[in-house]
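The values are calculated or read from the model by the stated rules, or taken from the named source; none is laboratory data. Small disclaimer: the values here were computed from a predicted structure and weren't measured. Methodologically, a virtual Cβ is constructed for each residue, glycine included, from the backbone with ideal geometry; neighbour enumeration extends over all protein chains shown. Only protein heavy atoms, including side chains, enter the accessible area calculation; ligands, DNA and RNA are left aside. Shrake-Rupley method; radii C 1.70, N 1.55, O 1.52, S 1.80 Å.
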Amino acid sequence: MTEFAPPARVLILGGTTEASSLAARLANDARFTPLLSFAGATKSPRPPPIPHRIGGFGGSEGLAAFLRTGGTTLLVDATHPFAARMKRNAAEAAQLAPVKLLAIHRPEWQPVPGDRWTIVPHMAAAAAALGEAPRRVLLTIGQKDLAEFRAAPHHHYVVRSVDPPTPDALPPKAEIISARGPFDEAAETHLLQSRGIEILVTKNAGGTATVAKLAATRALGLPVVMVARPQIPEGVARVPDSESAWRWLEAHAGTARGV
Ligand code: NAP
């Protein structure tokens with residue numbers, strides 16, 4: 001019986017390095033039929049080694065319908081720590097459809113001696129935390145929340161993001177750097193010094209791909225406005241990385257295939 005069991009259908013909610021690593025582990029594994037889902041936020045995502053789809057599902061009910069229709073039994077929420085809506089949708093969809101849900105919860109960055117962090121609860125507070133005196137600010141916050149800095153137009157902003165933001169999303173004095181991580185400390189130090197940056201604003205994304213900027217600000221004695229993570233849904237099984245998610249999938253492969 002075992003060798004005739006159909007592969008378990010797995011949906012990975014992606015947009016992160018963890019999702020890409022997990023996709024690489026699942027490629028060519030006959031126990032799984034994986035599908036990687038992107039929101040469509042990045043114009044040219046790196047092509048994954050497994051089938052993928054792009055675009056929203058239409059909320060938690062849309063996702064539940066997608067899971068049911070496709071016969072998906074294992075759902076891995078590998079979205080970014082700041083993708084709060086998608087995480088909530090995944091948790092709700094898992095109540096509506098017959099799937100097992102796992103979330104990859106990347107550990108947060110923690111301040112170490114020498115760091116000069118101001119931790120704020122959201123992006124509007126980050127803009128306010130820059131203060132009254134004009135400063136040269138590096139924003140590494142993605143594209144979604146840039147407009148919050150229109151409330152602090154007296155600063156000069158250097159905006160780094162994967163795709164160039166649309167002009168209407170930007171504060172008035174902004175220059176753009178389009179770049180995709182990972183970044184190393186020497187390059188981050190050069191960026192901070194060559195642009196005369198006085199303060200960094202970033203989200204507490206965690207992980208290694210973009211952590212070098214924190215080492216660079218520490219070494220240069222620069223302050224950081226650190227935006228704390230949004231709340232995540234309770235009651236969802238969690239692991240810290242793609243390797244643990246892989247083990248979870250292996251453990252559930254048999255049951256999900258009805259072996
Ligand atoms: P979000 O606010 O939580 O989600 C907004 C909507 O986008 C969701 O309601 C959903 O639409 C759709 N969506 C999000 N992730 C999706 C996915 N993997 N597949 C299909 N649809 C998805 O998310 P966000 O903060 O805009 O992030 C969008 C994507 O970029 C996520 O995949 C995330 O992992 C990645 N990302 C985000 C950040 C960040 O800082 N937020 C950083 C790096 C990468 P429906 O409700 O219509 O299903």
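Carbon-plus-sulfur fraction of the accessible area of the range 160-259, 1.4 Å probe, in percent? Carbon and sulfur together cover 53 percent of it. Solvent exposure of the range 36-94, expressed per residue, is 48 Å² of accessible area, with all protein chains present and a 1.4 angstrom probe. The simple Förster model, with R0 at 41 Å and r as the Cβ-Cβ distance, assigns residue 193 and residue 5 a FRET efficiency of 0.10. Protection proxy ranking of 106-117, 189-200, 6-17, by the mean of other Cβ atoms within 10 Å over each peptide's residues and highest first, is 6-17, 189-200, 106-117.
Site pair residue 125 and residue 144 shows an inter-label distance of 1.7 nm when each label is modelled 7 Å from Cα along Cα→Cβ. Each 10 Å bin from zero up to the one holding the largest Cα-Cα distance in the chain carries the following percent of pairs: 7, 28, 31, 20, 11, 3, 0, 0.
Taking 7 Å steps out from each Cα toward its Cβ at residue 46 and residue 65 produces label points 3.4 nm apart. Each of residue 29 and residue 178 was given a label point 7 Å from its Cα along the Cα-to-Cβ line. The distance between the two points is 3.5 nm.
Here residue 100 is the anchor, and the lysines within straight C-alpha reach of less than 17 Å, apart from those fewer than 8 places off in the same chain, are 87.
FRET efficiency for the pair residue 243 and residue 132, taken as 1/(1 + (r/R0)^6) with r the Cβ-Cβ distance and R0 = 41 Å, rounds to 0.30.
When the inverse distances between all different Cα atoms of the range 62-165 are averaged and flipped, the Kirkwood radius reads 16.9 angstrom.
Quick one: putting +1 on the C-beta of Lys and Arg, -1 on the C-beta of Asp and Glu, what dipole do you get for the chain around its Cα centre, in Debye to the nearest 20? Walk me through the intermediate numbers first.
On the way: 28 positive and 22 negative charges, 50 e Å.
With Lys and Arg at +1 and Asp and Glu at -1, about 240 debye.
A cut-off under 11 angstrom between Cβ atoms defines the neighbours of residue 136, and their net charge, with Lys, Arg +1 and Asp, Glu -1, is +1. Where in the range 130-174 is the amide nitrogen less than 20 Å from a point lying 7 Å along the Cα-to-Cβ axis of residue 219? Counting backbone N atoms under 20 Å from the label point, the list is 138-140. Sorting 179-187, 215-223 by their mean Cβ neighbour count within 10 Å, with the most densely packed peptide first, gives 215-223, 179-187.
Please give the Cα centre distance for the range 154-208 versus the range 73-133, rounded to the nearest Å. Value for the Cα centre distance between the two parts: 20 Å.
Each helix, a run of at least 4 DSSP H residues, gives -39500 (n - 2.57); summed and divided by the residues of the chain, these come to -9000 deg cm²/dmol at 222 nm.
Rounded to the nearest whole Å², what accessible area per residue is found for the range 150-259 with the 1.4 Å probe?
46
Straight-line cross-link partners of residue 43 among the aspartates and glutamates, defined as a Cα under 13 Å from its Cα and at least 8 positions apart when in the same chain: 163.
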